[in-house]
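The structure appears below as structure tokens.
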Amino acid sequence: MDIRKSVIQQGIANDTAWVGRLVTDFGDPIRAECVGTISLCVMPYIALFVHESYAKLAKSDPVIAALVSADFKAIVARSRHSLKLFEDTERGIDGQLDYFRDDILAAHADHFTGNAPRLFRFLETDLGLFSYASQLISTTHVANFHLGLSPRDTLAMTGQEITAFAQQYGRYFGQLGAQVPAGSGVTFFSQIDPKQMGEIGNDVRSADYYSRGFDGPGSQDLNALLTVFRCMVNFVSAAIPSADANGRFDYTEFKIKFLTIYQVLGSLQILSIDQGHPLTPRSARALQEILDTPAAQTIMDRSAKPFRNTLMHYNLNPRIDLSKVDLNDPVFGLAPVYFPSCNDLADLTEIIEQVLANTTAVIDEWARPEGSA
């Protein structure tokens, strides 16, 4: 048996099956009003599954290769790369700030403001906020950042065009073997409480919103990106449980949680040492509170990066001792290999929950205007 190949195949199969189960759960009429917001939150992860599985399968599977047009492939790649945040080497910090300001903010402002009579333009808004369990989990800007489409194209899309775009994902996963089971798909969405959705849910003016909190009114562009970080960690913390109702760990949902906290911590590390973007003392303290905990340092230890790479890209590190790989374990027995303080995945999950609890608490406080209650 080729263990390396089996890990790739099983990882892709796990993600594919999860997408099928999620589609089933999205059909639950009790949670119909939650589908839109949650879809926006999971989109970059689904794009990641497409991007990475395509990279592994396209050369050997001409049917898969034919399913992905050049345009769709580019959209998926941009959506997947949005998860890199400040680790995106093509943009870096400055490039991400420029993109958010010049593309996303400008497109939304042009589309949603300047339309009312001049006397009433102060009432116009260009930023929608979405929450779950009283935590901000997405905004219209964050959603556009992760979607992979041009902001102006997105705002101009018709319902039919949005459906056609989503169907491309469906055809791809269908070819990989995704099934839409009857009843409940038993993903995190089946545990979402509709009463907890949209408690913020109001529209605001982005210029005002980004001038408050985080690094202060002089750093609106940075504050906009930090809002992306905030939404990502809040979503996986508030909406995705560590284990299912039976106490079992799900490969894909663990993967989403781990990669999210890893990328956010990594990006905050980059920001903390970047000389081109001096931060206020308040921001420096917040970064220290997030990054200097033992649990955060365990996740970000350089020796553990191959674990992140396996979850991200499916394949095992070439230096791994194959005798330690367990195909029956949700993450192939790799938790104690890369995190020696952990006996198993349950121990690693506990560390991740500690990091998420601290990060969400600090980043939510950081996002509030200084001195506010």
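The values are calculated or read from the model by the stated rules, or taken from the named source; none is laboratory data. Predicted, not measured: the structure shown is a model, and the values here were computed from it. Quick reminder, even Gly has a Cβ in these numbers, built from the backbone with ideal geometry, and neighbours come from all protein chains shown. To get the accessible areas, we keep the full protein, side chains included, count just its heavy atoms, and leave off ligands, DNA and RNA. Shrake-Rupley method; radii C 1.70, N 1.55, O 1.52, S 1.80 Å.
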**Request:** Taking the options Ser242, Ser206, Ser190, name whichever one is at pLDDT below 90, farther than 25 Å from Phe86 by Cβ and polar (S, T, N, Q).
**Result:** Ser242
**Asked** Given Ser303, Ser272, which one is in contact with a Leu (Cβ under 6 Å, 6 or more places away or on another chain), part of a helix (DSSP H, G or I), open to solvent by 20 Å² or more (accessible area, probe 1.4 Å) and modelled with pLDDT under 95?
**Response** Ser272
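Per-residue answers, yes or no, for (1) in contact (Cβ under 8 Å) with a residue 12 or more places away in the chain; (2) closer than 17 Å to Val236 by Cβ; (3) open to solvent by 40 Å² or more (accessible area, probe 1.4 Å):
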residue: Tyr314; (1), (2), (3): yes, no, no
residue: Asn328; (1), (2), (3): no, no, yes
residue: Val331; (1), (2), (3): yes, yes, no
residue: Leu334; (1), (2), (3): yes, no, no
residue: Ala361; (1), (2), (3): no, yes, yes
residue: Asp364; (1), (2), (3): yes, yes, no
**Prompt:** Which of the residues spanning segment 48-105 are in a helix (DSSP H, G or I) and of a type in the set (Gly, Ala, Ser)?
**Reply:** Ser53, Ala55, Ala65, Ala66, Ala70, Ala74, Ala77, Ser79, Ser82, Gly92, Gly95
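Results for (1) under 26 Å from His81 (Cβ atoms); (2) among the β-branched types (Val, Ile, Thr); (3) modelled with pLDDT under 95; (4) part of a helix (DSSP H, G or I), shown as yes or no for each residue.
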site	(1), (2), (3), (4)
Gly276	yes, no, yes, no
Arg285	no, no, no, yes
Ile290	yes, yes, no, yes
Thr349	no, yes, no, yes
Ala357	no, no, no, yes
Pro369	no, no, yes, no
**Asked** Restricting segment 159-217 to residues that are in a loop (DSSP other than H, G, I, E, B) and of a type in the set (D, E, K, R), which is most open to solvent (accessible area, probe 1.4 Å)?
**Response** Arg212
**Message:** Any residue that is modelled with pLDDT of 85 or more and surrounded by 21 or more Cβ atoms within 10 Å (Cβ to Cβ) - is there at least one of those in segment 149-158?
**Reply:** no
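Collect the residues in segment 82-97 that are open to solvent by 30 Å² or more (accessible area, probe 1.4 Å) and touching a residue at least 60 places away in the same chain (Cβ under 8 Å), keeping them in residue-number order. Full working, then the answer.
Residues of segment 82-97 open to solvent by 30 Å² or more (accessible area, probe 1.4 Å): 84, 87, 89-91, 94.
Selection gives Lys84, Glu87, Asp94.
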**Fill in**
Among (1) of a type in the set (S, T, N, Q); (2) closer than 23 Å to Thr89 by Cα; (3) buried (at least 18 other Cβ atoms within 10 Å of the Cβ), Ser283 falls short only on (2)
